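Working notes, structure below.
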Amino acid sequence: MSAKKPDRAEGLGLRAHSIRHRTLGGARSLFALSSLPLAFVLSGSMFSAPAATQAVAGADKARPVTGDPGISSMVVMDRTEFRVLRDYAEPGATRRMHSHDATWHVFTLVTGQLRLTIDGESPVDVTQGEVVYLQGGAKHTFTNTGTVAATIVEVFGKAPVPPR
């Protein structure tokens, strides 16, 4: 028998999990993530234990997103280099088409299932545990197509601040 070839996550020193990765909203490949080790670790490390079938704790601290009933969001961390949000989507809720002022965007579905649409592309179904890379600034929308609240963690890269 031949030896198992390590996957990309193992090659980066991360534990392998049942996570499918996708690249949407631009031509950049998944290998672009290798230049984003912090985002990769943040998004992948959430899966060291199986996710629950409902929203992950903290929903009570999230604030409703104006104009999007059933969607709430909270800032987890905001640093010079990146920002991390945790979002919640109730069953059937839709986040309207929007974009973020970001240089890159990693979208991780921790619990639930969604239909994600990037402007100009066909919708894709995203399942619990999937990590999706979107081009920075890509317009997108999502709908919770499941029967439980979805928990999403988004990590956004910020443009470098020029030295003074």
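Quick note: the coordinates plus some simple rules give every number you see, no bench work behind them. On a predicted model such as this, the values are computed, not experimentally measured, just so you know. Methodologically, a virtual Cβ is constructed for each residue, glycine included, from the backbone with ideal geometry; neighbour enumeration extends over all protein chains shown.
Scanning residues 5 or more positions from T103 or on other chains, those with amide H under 5 Å from its amide H are G157, K158, A159, with H placed 1.01 Å from N in the peptide plane. The H on the amide N of E130, modeled in the peptide plane, is under 5 Å from the matching H of R20, L109, each at least 5 residues off or on a different chain. Along the range 81-86 the Karplus relation, 6.51 cos²θ - 1.76 cosθ + 1.60 evaluated at θ = phi - 60°, assigns HN-Hα couplings of 8, 7, 9, 10, 10, 10 Hz to successive residues, with x for each Gly and Pro.
Cβ-Cβ distance of V148 and T103, R₀ of 35 Å, FRET efficiency by 1/(1 + (r/R0)^6): the value works out to about 0.60.
Pull out a ≥ b ≥ c, the square roots of the eigenvalues of the alpha-carbon gyration tensor of the range 92-164, then state rounded if a/c is under 1.5, prolate if not and a/b is larger than b/c, and oblate in the remaining case. Mind dumping the intermediate values first?
On the way: a/c = 2.58, a/b = 1.85, b/c = 1.39.
It is prolate, given that a/c is not under 1.5 and a/b is the larger ratio.
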